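Let me begin by handing over the structure; questions about it come next.
The values are calculated or read from the model by the stated rules, or taken from the named source; none is laboratory data. This is a predicted model, so every value here is computed, not measured. Methodologically, a virtual Cβ is constructed for each residue, glycine included, from the backbone with ideal geometry; neighbour enumeration extends over all protein chains shown.
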Amino acid sequence: MNMIKTALVVGGGIAGMSAAIELRRRGIAVDLIDLDPQWRVYGAGISITSPSFRAFGELGILDEILAEGYSGSGIRICDIHGHPIEEVRDPEGLPGSGGIMRPVLHRILAGHTRAGGTNVRLGITVASLKQNGEGVDAEFTDGSTGSYDLVLGADGLYSRVRSLIFPDAPAPVYMGQSVWRLFAPRPAWFDRRHFFLGGRMKVGAAPVSRDHLYLFLLEKTERHPIIPDEELPDRMRFLMEGYGGLVGELRDSISPESSIIMRPLEALVLPEPWHKGRILLIGDAAHPTTPQLASGAGMAVEDAVVLGQEIDHSANPDEAIARYMQRRLARCKLVAHNSMEIGRLEQRQAPPAEQTALVAQSLRVLAEPI
């Protein structure tokens with residue numbers, strides 16, 4: 001029987017909420033804090049691969065994901081005119097090629113987090129964390145304090161927890177690409193993820209519900225300064241010039257009212273271990289990745305599931321953390337390294353078959369049991 005009675009989760013994103021759900025199922029008292037007083041989520045949609053569907057099933061939310069998102073089969077590789085040239089099949093026995101809107105996923109996870117009894121506190125983060133031999137003493141930015149058997153840093157790419165426990169950790173690095181995302185109606189025939197390769201940049205699209213899709217475009221560029229929202233439609237139309245088929249249709253439909261988001265792609269490779277004493281980093285705080293393998297959300301949920309399993313089989317928090325690291329390190333590093341390598345292939349305009357081969361190889365490895 002484990003000795004974890006109390007836990008603090010810093011960060012209310014996918015990793016943090018998933019961890020809170022898993023910890024509460026084991027009777028652990030959980031405080032979850034998030035710096036945003038409105039607990040908002042930013043972004044368009046996320047693609048869901050087969051391993052991510054499996055992780056959502058382990059977490060117990062797969063039925064809701066399927067009801068409010070989308071599940072197709074495989075990835076269709078097309079040329080820039082929309083003509084199919086190759087298919088990447090799903091690993092045998094697993095659904096794949098789905099998607100969901102980020103706000104919808106946030107709502108599902110937040111509902112389960114609150115229903116499970118997690119104490120959610122918004123508008124604060126940690127000011128300090130001190131190991132005390134039996135656990136961790138936390139001081140919060142509102143002046144309050146708390147003591148916990150376990151602290152999870154799930155506060156993303158620019159993690160406050162990471163900076164507290166590893167002040168010399170490397171900073172996130174711009175990876176040479178900016179991702180543009182467009183949210184648009186989904187044609188009835190569009191039933192799976194598509195990549196459009198062979199042009200100036202990689203373009204893809206994924207269904208995220210019965211009625212909608214999101215298109216993404218990876219621009220090789222120096223890091224952009226902030227672009228005013230009113231300039232985004234014209235800039236994205238320009239980047240999509242020369243593409244036909246679905247991409248051309250979506251380009252021609254862009255208007256001043258279109259939902260467009262542009263973000264730089266940043267990542268870092270954090271040396272292991274991803275913990276200090278009883279403070280453990282999970283999700284993007286530990287292994288941030290670029291989106292080329294569409295696995296960031298899935299890896300975050302897997303982190304929570306594996307941690308819960310290891311808590312079940314460990315005598316104390318230290319053993320649980322050690323066992324967790326043994327299971328997660330190689331898998332998470334593969335996603336990060338292969339995603340960055342695919343990004344490098346995209347930037348040097350490698351042949352579509354070379355890009356596709358690494359995607360397919362990575363997804364086959366990730367289909368193996370966690």
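Suppose we keep only residues that are buried (at least 16 other Cβ atoms within 10 Å of the Cβ) and out of contact with any strand residue (DSSP E or B) (no Cβ under 9 Å at 6 or more places or on another chain) within region 317-328. Which one would you say is farthest from A300 (Cα to Cα)?
If we take residues in region 317-328 being buried (at least 16 other Cβ atoms within 10 Å of the Cβ) and out of contact with any strand residue (DSSP E or B) (no Cβ under 9 Å at 6 or more places or on another chain), then R323 is farthest from A300 (Cα to Cα).
Let me ask another. Among the residues of region 293-301, are any crowded, with 23+ Cβ neighbours inside 10 Å and touching a Cys at 6+ places or on another chain (Cβ under 8 Å)?
Yes, because at least one residue in region 293-301 is crowded, with 23+ Cβ neighbours inside 10 Å and touching a Cys at 6+ places or on another chain (Cβ under 8 Å).
Table: residues versus (1) among the polar types (S, T, N, Q); (2) closer than 21 Å to G343 by Cα.
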residue: N132; (1), (2): yes, no
residue: G146; (1), (2): no, no
residue: G156; (1), (2): no, yes
residue: V161; (1), (2): no, no
residue: I165; (1), (2): no, no
residue: F183; (1), (2): no, no
residue: A188; (1), (2): no, no
residue: G199; (1), (2): no, yes
residue: S209; (1), (2): yes, no
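Continuing with this model, one more query. Output the residue which, of all residues in region 201-222 that are under 20 Å from the mean Cα position of the chain (by Cα) and not in a strand (DSSP E or B), is farthest from G98 (Cα to Cα).
Checked region 201-222; the qualifying residue farthest from G98 (Cα to Cα) is S209.
If you don't mind, another one. Could you tell me which of the residues G248, G198 is surrounded by 14 or more Cβ atoms within 10 Å (Cβ to Cβ), in contact (Cβ under 8 Å) with a residue 24 or more places away in the chain, in a helix (DSSP H, G or I) and out of contact with any strand residue (DSSP E or B) (no Cβ under 6 Å at 6 or more places or on another chain)?
Exactly one of G248, G198 is surrounded by 14 or more Cβ atoms within 10 Å (Cβ to Cβ), in contact (Cβ under 8 Å) with a residue 24 or more places away in the chain, in a helix (DSSP H, G or I) and out of contact with any strand residue (DSSP E or B) (no Cβ under 6 Å at 6 or more places or on another chain), namely G248.
Identify all residues within region 87-100 that are surrounded by 16 or more Cβ atoms within 10 Å (Cβ to Cβ), more than 20 Å from the chain's Cα centre (by Cα) and either within 27 Å of R251 (Cβ to Cβ) or at pLDDT 90 or above (or both); write none if there are none.
Of everything in region 87-100, just one residue is surrounded by 16 or more Cβ atoms within 10 Å (Cβ to Cβ), more than 20 Å from the chain's Cα centre (by Cα) and either within 27 Å of R251 (Cβ to Cβ) or at pLDDT 90 or above (or both), namely V88.
So which residues in region 251-275 are within 15 Å of the chain's Cα centre (by Cα) and part of a loop (DSSP other than H, G, I, E, B), if there are any at all?
L268
Then there's this: Quick one: count up the residues across region 169-195 that are buried (at least 16 other Cβ atoms within 10 Å of the Cβ), among the aromatic types (F, W, Y) and out of contact with any Gly (no Cβ under 8 Å at 6 or more places or on another chain).
2
A further question on this structure: Need a quick list: helices (runs of 4 or more DSSP H) entirely within region 276-370 having at least 1 residues that are under 24 Å from Q131 (Cα atoms).
The qualifying helices (runs of 4 or more DSSP H) are 296-312, 317-347.
When you check S314 against the structure, is it over 25 Å from I77 (Cα atoms), of a type in the set (G, A, S), surrounded by fewer than 21 Cβ atoms within 10 Å (Cβ to Cβ) and at pLDDT 95 or above, yes or no?
In short, no.
So which pairs qualify, if the first residue must be in region 312-341 and within 22 Å of P288 (Cα to Cα), the second must be among the polar types (S, T, N, Q) and part of a helix (DSSP H, G or I), the Cβ gap must be under 6 Å, and the two must be at least 6 apart or on different chains?
N338/S362; S339/Q292
Same structure, new question: For region 131-153, how many residues are touching an Asp or Glu at 6+ places or on another chain (Cβ under 6 Å) and either buried (at least 16 other Cβ atoms within 10 Å of the Cβ) or at pLDDT below 95 (or both)?
Residues that pass the stated criteria total 1.
Next up: For region 106-192, please list each of the strands (runs of 3 or more DSSP E) lying entirely inside it that holds at least 3 residues being within 30 Å of K202 (Cβ to Cβ) and in contact (Cβ under 8 Å) with a residue 12 or more places away in the chain.
It comes to 173-185.
A further question on this structure: For region 33-77, which positions are among the hydrophobic types (A, V, I, L, M, F, W, C), in a loop (DSSP other than H, G, I, E, B), on the phi < 0 side of the Ramachandran plot and modelled with pLDDT of 95 or more?
Correct list: L35, I61.
Another question, if that's okay. Taking region 329-370 as the search range and keeping residues that are acidic (D, E) and under 19 Å from Y174 (Cβ atoms), which one is surrounded by the most Cβ atoms within 10 Å (Cβ to Cβ)?
E346
Out of the residues in region 209-232 that are in contact (Cβ under 8 Å) with a residue 60 or more places away in the chain and farther than 16 Å from L246 by Cα, state the one that is surrounded by the fewest Cβ atoms within 10 Å (Cβ to Cβ).
R210
Is there a residue in region 22-32 that is surrounded by fewer than 17 Cβ atoms within 10 Å (Cβ to Cβ), assigned to a strand (DSSP E or B), modelled with pLDDT of 95 or more and over 20 Å from the mean Cα position of the chain (by Cα)?
Yes; the residues of region 22-32 include at least one that is surrounded by fewer than 17 Cβ atoms within 10 Å (Cβ to Cβ), assigned to a strand (DSSP E or B), modelled with pLDDT of 95 or more and over 20 Å from the mean Cα position of the chain (by Cα).
Does region 56-72 include one or more residues that are surrounded by fewer than 24 Cβ atoms within 10 Å (Cβ to Cβ), more than 19 Å from the chain's Cα centre (by Cα) and closer than 28 Å to G242 by Cα?
Yes, because at least one residue in region 56-72 is surrounded by fewer than 24 Cβ atoms within 10 Å (Cβ to Cβ), more than 19 Å from the chain's Cα centre (by Cα) and closer than 28 Å to G242 by Cα.
Quick test of your reading of the structure: I80 fulfils all but one of (1) surrounded by fewer than 17 Cβ atoms within 10 Å (Cβ to Cβ); (2) at pLDDT 95 or above; (3) closer than 24 Å to G204 by Cα. Name the failing condition by number.
So the condition that I80 fails would be (1).
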